[in-house]
Amino acid sequence: MTRYEEATGSDREDAAFLRERRLTEEAAVAVADLVTVDRPIPLVVRSCDGAGSSYDPEARRMEICYEEVSEVRDLFRQDGNQRADDEVAAVLLETIFHETAHALIDVLDLRVPGREEDFADQFAALMLLDKGAVGELRLRAAAEAWRLLAEITEDADDSGEDEHSPDRERSVNELCYVYGSAPGRHRDLVSPDALPVGRAEGCVREWATVRGTWLNALGPALREG
Ligand SMILES: [Zn+2]
């Protein structure tokens, strides 16, 4: 259930991109294929004026921000990737799944092992990686965006106010899941700059555990078959 609000000013191009790519609709179909929820969880796409995408437990709705399209696009541009449409779409889709996880945790009253932010990232990985090679590339794009963001913010002071894992850590975790889900296709990820070999060794098992933990948490809400 997606509603697109009127975009303001410079967000208009981003709004057109999100509508055209139908990412929220794609996410909704994928989630509905996996779990049953009593009521659809509304999702609003809007100009957020600086606040990031989020799940609002009071209103029980997700908010995805138009401007994040430009923010992510700038990251790839600064890295020399001028027209990264597919990568930008992949990062936004990953964000939508991440916020969906917060919504499911709330609505289904799921038990969260460890930090909710990490668990939400892991749900996004689950949704993408279960689509096979296409999803693997999308998660790699998301991991690349977090890596680029980490490079930019590494020197800036880290006040520790963000409850998300540091961007670099998120990036490495996601690469570990990609590699763990299909090591044969992603050997190129194993390198000191991307997925260090010491971490890579445990990723097949790590991904199986992460995936199993989510499916187990969803339990009775999972669709049969
Ligand atoms: Zn979050």
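Among the charged types (D, E, K, R) and surrounded by fewer than 20 Cβ atoms within 10 Å (Cβ to Cβ): is that true of GLU20 in this structure? So GLU20 fits the description; yes. Taking the criterion of being within 13 Å of the ligand (Cβ to nearest atom), part of a helix (DSSP H, G or I) and over 14 Å from the mean Cα position of the chain (by Cα), the residues of the range 100-148 that qualify are LEU104, ILE105, ASP106.
In this structure, does ARG138 turn out to be crowded, with 23+ Cβ neighbours inside 10 Å and under 23 Å from VAL45 (Cβ atoms)? So ARG138 passes the test. The residue that is farthest from the ligand (Cβ to nearest atom), counting only those in the range 149-159 that are out of contact with any Lys or Arg (no Cβ under 7 Å at 6 or more places or on another chain) and without any contact (Cβ under 8 Å) to a residue 24 or more places away in the chain, is ASP155. Taking LEU75, is it within 16 Å of the ligand (Cβ to nearest atom) and outside any loop (DSSP other than H, G, I, E, B)? For LEU75, the condition - within 16 Å of the ligand (Cβ to nearest atom) and outside any loop (DSSP other than H, G, I, E, B) - is not met. Can you confirm whether the range 35-46 contains a residue that is crowded, with 21+ Cβ neighbours inside 10 Å, in a helix (DSSP H, G or I) and more than 14 Å from the chain's Cα centre (by Cα)? No, the range 35-46 contains no residue that is crowded, with 21+ Cβ neighbours inside 10 Å, in a helix (DSSP H, G or I) and more than 14 Å from the chain's Cα centre (by Cα). For the condition assigned to a helix (DSSP H, G or I), free of Cβ contacts under 8 Å to residues at least 24 places away in the same chain and of a type outside the set (Ser, Thr, Tyr), GLU58 does not qualify.
Just to be sure before I move on: is THR100 over 22 Å from ILE152 (Cβ atoms) and modelled with pLDDT under 95 in the structure I sent? So THR100 does not fit the description; no.
The values are calculated or read from the model by the stated rules, or taken from the named source; none is laboratory data. Note that the coordinates shown come from a computational prediction; the quantities given were computed from them, not determined experimentally. All Cβ positions, even for glycine, are placed from backbone atoms using ideal geometry, and neighbour counts span all protein chains on display.
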